[in-house]
Ligand code: B12
C-alpha cells in the first residue's frame with residue numbers, strides 16, 4: 001500500500017503494471033495475470049518481459065466487467081464513486097448542475113469520468129446529465145445577471161471533463177475511418193462538437209474536430225485533406241441564412257463523395273436537407289453513436305427510430 005502511494009501517477013493514455021491495476025480494482029495480482037493469460041485483458045510486454053496494460057484497456061476492462069475502481073488515482077484518474085443511487089439520471093444531473101453552478105470543477109469532472117468508467121455510455125451521459133445540467137445553467141441566465149459568465153465557466157468545465165474522457169478511449173486502429181466536423185458558420189457553441197468528436201472516437205473513428213464557427217470552405221479543405229467517411233455539422237442556433245446553410249451541405253456532401261454528412265443540434269431542424277444526397281439529420285449523441293457504428297440510416301428527411309440496432313460495420317453508410 002505504502003509502496004503503491006510512492007508510485008508516480010501514470011500519464012493518461014500511458015501504461016500501467018498488473019500490480020497497479022490489481023490495486024486499483026481491489027483484486028489480487030494473480031487474478032489479474034490470469035485474466036491477461038486468458039485473453040480477457042490485453043497486455044503488452046516490456047523488453048524485460050514484464051506485462052504492461054494501457055490505461056484505456058484497463059478502463060474498457062473495468063467497464064465491461066462491471067468492476068469498481070477502489071483506488072482510481074492509481075490509474076491517473078480523479079474519479080470518485082458516482083454511487084449507485086446517483087445512477088438515476090435526475091440525481092446525476094442535480095449533482096453535476098450543483099458542481100457546475102458552484103465552481104466545483106474538479107467534482108464535475110470526476111463525476112463525469114466516474115460515470116463513464118462505471119459503465120455509462122457516452123450517449124447517455126451527453127444526452128442526459130451533461131445536456132440537462134447545462135440547460136439548467138442556461139436557466140440561471142434568466143434570473144442572474146452573471147449568467148453569461150456562469151455559462152462560459154460551465155462550458156469550460158464540461159470541455160475539461162470531455163478532454164479527460166478522451167484520454168480513456170482506445171486509440172483508433174491503423175486504417176480507421178476518419179471523421180471531421182465542427183459547428184456551422186456563426187455557431188459559437190463548443191460543447192456539442194466536442195461531444196460528437198468523442199462519440200465518434202469511441203465508435204472507432206480517427207477524429208478531427210474543427211471546433212465552433214467553422215466556415216464551409218474550411219470544412220471543404222479538411223475533406224480534401226482527410227477524405228473522411230463521416231462529416232458532421234452542429235447547428236446549435238438556426239443559421240442566419242438557412243438557404244446558405246443548405247447550399248453548404250450540398251457542397252460538403254459532394255466533396256465527401258462516398259462519405260456521409262450528418263447534421264444535428266437544436267437549430268438543425270430549420271436547415272432543409274438536400275434531396276438525393278447522403279446528408280442525414282440525427283437528433284442525439286446516442287443516435288450519432290448508432291449511426292457511426294453502421295446503424296440503419298433513415299432516408300433523408302425522415303427520423304431514425306431511437307435505439308436502432310447497429311448492423312455491425314463501422315461507417316454509417318446508407
Ligand atoms: C453555454 C451557453 C452559452 C455560451 C456558449 C459558450 C460556448 N462557446 O460554447 C455563451 C455564453 C457564449 C452563450 C451565448 C448566448 N446564449 Co447561450 N446557452 C448556453 C447553454 C447554457 C448551454 C449550451 C450547450 O453547450 N449545451 C450542451 C449541448 C450539448 O446541448 P444541446 O445543444 O442541446 O445539444 C444536444 C442535441 O441538440 C444534440 N446535438 C447538438 N449538436 C449536435 C451535432 C450533431 C452532429 C448531432 C448528431 C447531435 C447534436 O446532442 C446534444 C446532446 O444531447 C444553453 C442552455 C441550453 N438549454 O442548452 C444556453 C442557450 C442556448 N443560450 C441562449 C441564449 C439566449 C444565448 C444568447 C443569445 C445570450 C445573449 N443575449 O448574448 C447568446 C447567443 C450566442 C450566439 N452568438 O449564438 C438560450 C437560447 C434560447 C433560444 N430559444 O434560442 C439558451 C437556451 C439559454 C436559455 N435558457 O435561455 N450561451
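Laboratory data are not the source of any read-out in this text; all were calculated from the coordinates shown. This structure is a prediction, so every number in the text was calculated from the model and none was measured. Ideal geometry is used to build each Cβ from the backbone, glycine not excepted, and the neighbour counts take in all protein chains shown.
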Estimated inter-spin distance, residue 218 and residue 28, nm [label 7 Å along Cα→Cβ]: 5.6
Shape of region 158-211, Cα gyration tensor, a/c cut at 1.5: oblate
Zone of residue 68's modelled label, taken as backbone nitrogen in region 95-123 under 16 Å from a point 7 Å along Cα→Cβ: 114-120
Compactness index (Cα Rg / 2.2 N^0.38 Å), region 121-175: 1.45
Relative contact order [Cα under 8 Å, 6+ residues apart], region 148-227, whole percent: 33
Region 68-197: mean projected area of Cα convex hull, nm²: 9.2
Estimated FRET transfer efficiency when R0 is 51 angstrom, pair residue 176-residue 145 (beta carbons, to 0.05): 0.65
Shape of region 145-256, Cα gyration tensor, a/c cut at 1.5: oblate
